[in-house]
Amino acid sequence: MAAEAASPLPSNTFPTKITSIKTLAESPGLTSIPSTHTFTPDLHGQVTSVPEASIPVIDYSLLISGTPGQRSEIVHELGRACQDWGFFMVINHGVPQKLLSSILDGCKGFFDLAEEEKQEFKGNHVLDPIRSGTSFNVSVEKAFYWRDFLKVFVHPVFYSPTKPAGLSEISLEYSQRVREIARGLLTGISESLGLEGSYIDKALNLERGKQIFIANLYPTCPQPELAMGMPPHSDHGLLTLLIQNGIGGLQIQHKGKWVNVGTHPNSFLVNTGDHLEILSNGRYKSVLHRAMVNNKGTRISIAMAHGPSLDSVVSPAPELLVSSKGDEPAAYIGMKYKDYLELQQSNKLDGKSCLDRVRISAV
Ligand code: OGA
Ligand code: NI
């Protein structure tokens, strides 16, 4: 505990005086982190050395313009990736490298704004279209994450902070490109479930689907072993597509162990969300993941979440509940996506606790 005593910032100064991790991390002479930001080391758990090479890789170009044989092979691989991992990398997606670096630079520009400027985009309610802040939900957390964020609704209505200059234009282009890929992947995923390609699109009204742009900043941390960027959680939507600057930190849970994902500059790192688990009646489980921090450099990631339209009531696809083997009971109750989103965002980020509320436990 000597480490904490040595901190130039007594723990009780957060968060009233310091509103971002960025400012905290940049305090002169910071060699330890305040107790408000420490987690017990066992939270870091056992990390396996599952070779990264075993993470499924999906060649998007084959899904879009491959021969029928290549396409059906990719659909099969998508299904396997969703079933076995809930996570895969997407390559040959066609989004120019320049757009990926521009959007990451734009987000860095946002985090570099003065604290007072960022305060303008703070937001008050979890369903406000633009919210920036620190940790996940400081009003309910006991310890804070080593993370600042900017969360923006970009579809069906596009929003963007007005600063820094140029971010809005790049974000619009990036959001549209990524959304296109997410819809293409969901077409393949529908097929992999034995449904029509357009099934998810139609059933969950993706024409008006909720797309949320989440930029995460994880500043260099003097005691990374005591801090947490984001705790283990699953995402609420259907699919999240993530990119990051040259620094890794994402870990996914696979067969009960944490796997380091590392850096993959030109790929999208894609994870399945709770609503894919609900729609597929548990065939495809949403994957637990978390973000670790490091002392080697500041990490920026952009997670783009794609969900149903806000007014969709999502329950298991009825087509999946009947088969030649007999009826399969629905394992989740229906809930309006808007209510689910509000619930998830208003609480602590805690594993799959939100999904537990719609799971029918008798099954
Ligand atoms: C998220 C998320 C992980 C990361 O924003 O939901 O899981 O590595 N981010 O930043
Ligand atoms: Ni996430």
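Data overview
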| read-out | value |
| --- | --- |
| Amide H contacts under 5 Å for Phe268, placed H, 5+ residues apart | Val90 |
| Low-density loop positions, GluC sites (Glu not before Pro), region 182-254 - DSSP coil, at most 13 other Cβ in 10 Å | none |
| Normalised contact order of region 277-330, rounded percent, pairs of Cα under 8 Å and 6 or more residues apart | 45 percent |
| Tail fraction, Cα-Cα pairs, the chain, threshold 26 Å, whole percent | 50 percent |
| Long-range amide H partners of Leu250 with built H, under 5 Å | Val261, Gly262, Met292 |
| Across Lys202/Lys285; Lys210/Lys257; Lys122/Lys202; Lys98/Lys142; Lys118/Lys210; Lys285/Lys348, pairs whose alpha-carbon gap is larger than 28 Å | Lys210/Lys257; Lys122/Lys202; Lys98/Lys142 |
| Long-range HN-HN contacts of Phe136 with modeled amide H, under 5 Å | Tyr145 |
| Inter-label distance for Thr40 and Ile333, nm, one decimal - labels placed 7 Å from Cα along Cα-to-Cβ | 3.3 nm |
| Alpha carbon centroid spacing (whole Å) that separates region 222-280 from region 85-100 | 14 Å |
| Degrees separating the helix 68-84 axis from the principal Cα axis of the chain, which is the longest one | 50 degrees |
| Calculated FRET efficiency for the pair Gln119/Ser54, C-beta based, R₀ 35 Å, to 0.05 | 0.20 |
| Residue-wise HN-Hα coupling along region 287-298, computed from phi with Karplus coefficients 6.51, -1.76, 1.60 (Hz; x: Gly, Pro) | 9, 7, 8, 7, 10, 9, 10, 8, 10, 9, x, 7 |
| Evaluated at q = 0.10, 0.11 Å⁻¹: base-10 log I(q)/I(0), Debye formula over Cα of region 138-276 | -0.42, -0.51 |
| Quarter of the Cα convex hull surface for region 90-216, i.e. its orientation-mean projected area (nm²) | 9.5 nm² |
| Extension gain from Ser198 to Leu99, taking 0.36 nm per residue of separation minus the Cα-Cα distance | 32.8 nm |
| ³J(HN,Hα), Karplus 6.51/-1.76/1.60, whole Hz, each residue of region 169-184, x for Gly, Pro | 5, 5, 5, 4, 5, 4, 4, 5, 5, 5, 5, 4, 5, 4, 5, x |
| Cleavage-rule hits, trypsin sites (Lys or Arg not before Pro), region 193-265, DSSP coil, Cβ neighbours within 10 Å at most 12 | Lys255 |
| Full-extension gain in nm, Asn266 to Glu225, via 0.36 nm per residue minus C-alpha separation | 11.9 nm |
| Percentage relative contact order, the chain, counting C-alpha pairs under 8 Å, at least six apart | 20 percent |
| Selection from Val358, Phe149, Ile33 lying farthest towards where the dipole of the chain points positive, charges on Cβ | Ile33 |
| Calculated P(r) of region 179-222 - Cα pairs past 14 Å, % | 57 percent |
| Region 319-330 - phi-based ³J(HN,Hα) in whole Hz, Karplus 6.51/-1.76/1.60, Gly and Pro as x | 4, 8, 9, 10, 8, 4, 7, x, 6, 10, x, 5 |
| Mean Cα-pair separation over length for region 138-222, i.e. relative contact order, pairs under 8 Å, 6 or more apart, % | 46 percent |
| Trypsin sites (Lys or Arg not before Pro) restricted to region 64-126 and DSSP loop, no more than 12 other C-beta within 10 Å | Lys122 |
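Laboratory data are not the source of any read-out in this text; all were calculated from the coordinates shown. Small disclaimer: the values here were computed from a predicted structure and weren't measured. Heads up, the Cβs are rebuilt from the backbone with ideal geometry, glycines too, and the neighbour counts pull from every protein chain shown.
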